Amino acid sequence: MSGCDHPGLLPLEDALARLLAMAETCPINEVEQVGLAEADGRVLAEALVSGLDLPPWDNSAMDGYALALADWTGEPLVVSQRILAGSAPATLQPGTCARIFTGAPVPAGADTVEMQENAEVLDDGRVRFVEPLRAHRNIRLQGHETRVGDSVLPAGTQLGPIELGLAASLGAAQLGVRRRPRVAVLSTGDELVEPGQPLGAGQIYNSNRRLLIAWLQRLGCAVVDAGILADDLELTRQTLRNLGDVDLILSTGGVSVGEADFLGEVLREEGELTLWKLALKPGKPLTVGHCQGVPVIGLPGNPGSSLVTFALLARPYLLRRLGVVEVGPLGFEVAAGFVWRKPGTRREFLRARLENNRALLHPNQSSGVLSSAAWANGLVEVREGQTLEEGDPIRFIPLSELLG
Ligand code: AMP
Ligand code: MG
């Protein structure tokens, strides 16, 4: 059974394709030059092109001795110079070798480096090589990593520690990155209270606000914390109107069937509203639209549903607005450490823990709980209509793939 058998429910792939198409109509194109220290988590706006050969000159991969192989007859060689990393060597005197250390430039005239483990230093200071030598060994050639003009990272790359290290190796002090998306986070619900406040009757603490703000910041967004919004039409209208300068309004709650739908009503009046019923569990209802031109995504209020819809839909949407091409998380096949006998009509993402390459399920998969997501280190994807026996292959998406 596929999602298509349920005409009322929108398959996840279709929802994602629509959201990505929407993202492409309003890319965040502005470019900022930022220092490497500020670039972690940002998205590269233009390809990083190498201004250097890397390495810039032939250098030694070992601590040892540099020589011209043609000079080696089997007799011990005089050591004519000592080359440390950071020094500029003289041309190698014919018939001699040079003491050399890892990363030091190979002197002109040398064509091989022999590691010190194969060298015996005689009492007179000359060096005898114990094993036969071969040309070109242990030399890291100029430009073997990159050449001047090579494109090293494409535009749209999400920058992390490795990319920053690479940029530094090329001497790039600044990078052109897309400006941070401004995302307003809005938690709707009369029942919500912030931590630090006493809980009144019928109240719960607002977990989605913290969850989403921390997550958005990891994604390089500038968060506008719009706090808690009471379930009230006029307040909702005013709040949304006041968020005219953000790139996205991300709200949670107020989209369950049967609830007074203030967000939807305002969007209908002030912009556009589509309510999607996703073939997704947790996370069936999703509001997508705009308020006076500002895009709005309304996630379901249950924290587990907020988590899954943000991970699978809002996150890729935001990344695509920044020009990221690969917006889907990397997943891989593991063995199910559980049975799944009841085929579902919605795609399920279950909070799971990978142990010895088997995915174990948390017993509490309720959309209202976060503790099982904190226990989990990934989500397993059970497709519509799928049943599973222990050991069956199943796709596992590490949470670490989704959180940055
Ligand atoms: P709603 O989508 O507003 O009907 O909310 C669905 C469920 O999620 C209800 O049990 C709400 O109390 C809960 N909920 C909504 N927003 C939040 C929030 N920000 N933090 C924690 N729970 C929430
Ligand atoms: Mg609500």
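So for the stretch 372-391 (the condition being open to solvent by less than 60 Å² (accessible area, probe 1.4 Å), part of a loop (DSSP other than H, G, I, E, B) and aliphatic (A, V, I, L, M)), does at least one residue qualify? Looking for residues that are open to solvent by less than 60 Å² (accessible area, probe 1.4 Å), part of a loop (DSSP other than H, G, I, E, B) and aliphatic (A, V, I, L, M), one finds at least one in the stretch 372-391, hence yes. Within the stretch 218-249, no residue satisfies the criterion of being open to solvent by less than 20 Å² (accessible area, probe 1.4 Å), within 16 Å of ligand 1 (Cβ to nearest atom) and assigned to a loop (DSSP other than H, G, I, E, B). The lone criterion from (1) β-branched (Val, Ile, Thr); (2) over 21 Å from Val308 (Cβ atoms); (3) away from ligand 1 (no atom under 15 Å from the Cβ) left unmet by Val183 is number (2).
Would you point out the residue of the stretch 214-247, among those that are among the polar types (S, T, N, Q) and touching a strand residue (DSSP E or B) at 6+ places or on another chain (Cβ under 7 Å), that is nearest to ligand 2 (Cβ to nearest atom)? This residue is Thr236.
Considering the stretch 286-314, and only residues there that are open to solvent by less than 10 Å² (accessible area, probe 1.4 Å) and under 14 Å from Leu399 (Cα atoms), the residue that is nearest to the chain's Cα centre (by Cα) turns out to be Ala311. Scanning the stretch 188-213 for residues that are in contact with a strand residue (DSSP E or B) (Cβ under 8 Å, 6 or more places away or on another chain), more than 16 Å from ligand 2 (Cβ to nearest atom) and open to solvent by 60 Å² or more (accessible area, probe 1.4 Å) turns up Pro195, Leu199.
Answer yes or no: is there a residue in the stretch 22-31 that is open to solvent by less than 20 Å² (accessible area, probe 1.4 Å) and within 30 Å of Gln158 (Cα to Cα). There is at least one residue in the stretch 22-31 that is open to solvent by less than 20 Å² (accessible area, probe 1.4 Å) and within 30 Å of Gln158 (Cα to Cα). Annotation: Gly264 fulfils all but one of (1) more than 26 Å from the chain's Cα centre (by Cα); (2) part of a loop (DSSP other than H, G, I, E, B); (3) within 16 Å of ligand 2 (Cβ to nearest atom); the unmet one is (2).
For the stretch 345-371, which residues satisfy the criterion of being open to solvent by 20 Å² or more (accessible area, probe 1.4 Å), away from ligand 1 (no atom under 16 Å from the Cβ) and of a type outside the set (Ser, Thr, Tyr)? Those that are open to solvent by 20 Å² or more (accessible area, probe 1.4 Å), away from ligand 1 (no atom under 16 Å from the Cβ) and of a type outside the set (Ser, Thr, Tyr): Arg346, Glu348, Arg353, Leu354, Glu355, Asn356, Asn357, Arg358, Leu360, Leu361, His362, Pro363.
On the basis of being open to solvent by 20 Å² or more (accessible area, probe 1.4 Å) and either at pLDDT 95 or above or more than 16 Å from ligand 1 (Cβ to nearest atom) (or both), does Gly160 make the cut? In short, no. Scanning the stretch 173-187 for residues that are open to solvent by less than 20 Å² (accessible area, probe 1.4 Å) and either within 16 Å of ligand 2 (Cβ to nearest atom) or over 27 Å from Gln238 (Cβ atoms) (or both) turns up Leu175, Gly176, Val177, Val185, Leu186, Ser187.
The values are calculated or read from the model by the stated rules, or taken from the named source; none is laboratory data. In this text the structure is predicted, and so the values were computed from the model without any measurement. Methodologically, a virtual Cβ is constructed for each residue, glycine included, from the backbone with ideal geometry; neighbour enumeration extends over all protein chains shown. For accessibility, only protein heavy atoms count, side chains too; no ligands or nucleic acids. Shrake-Rupley method; radii C 1.70, N 1.55, O 1.52, S 1.80 Å.
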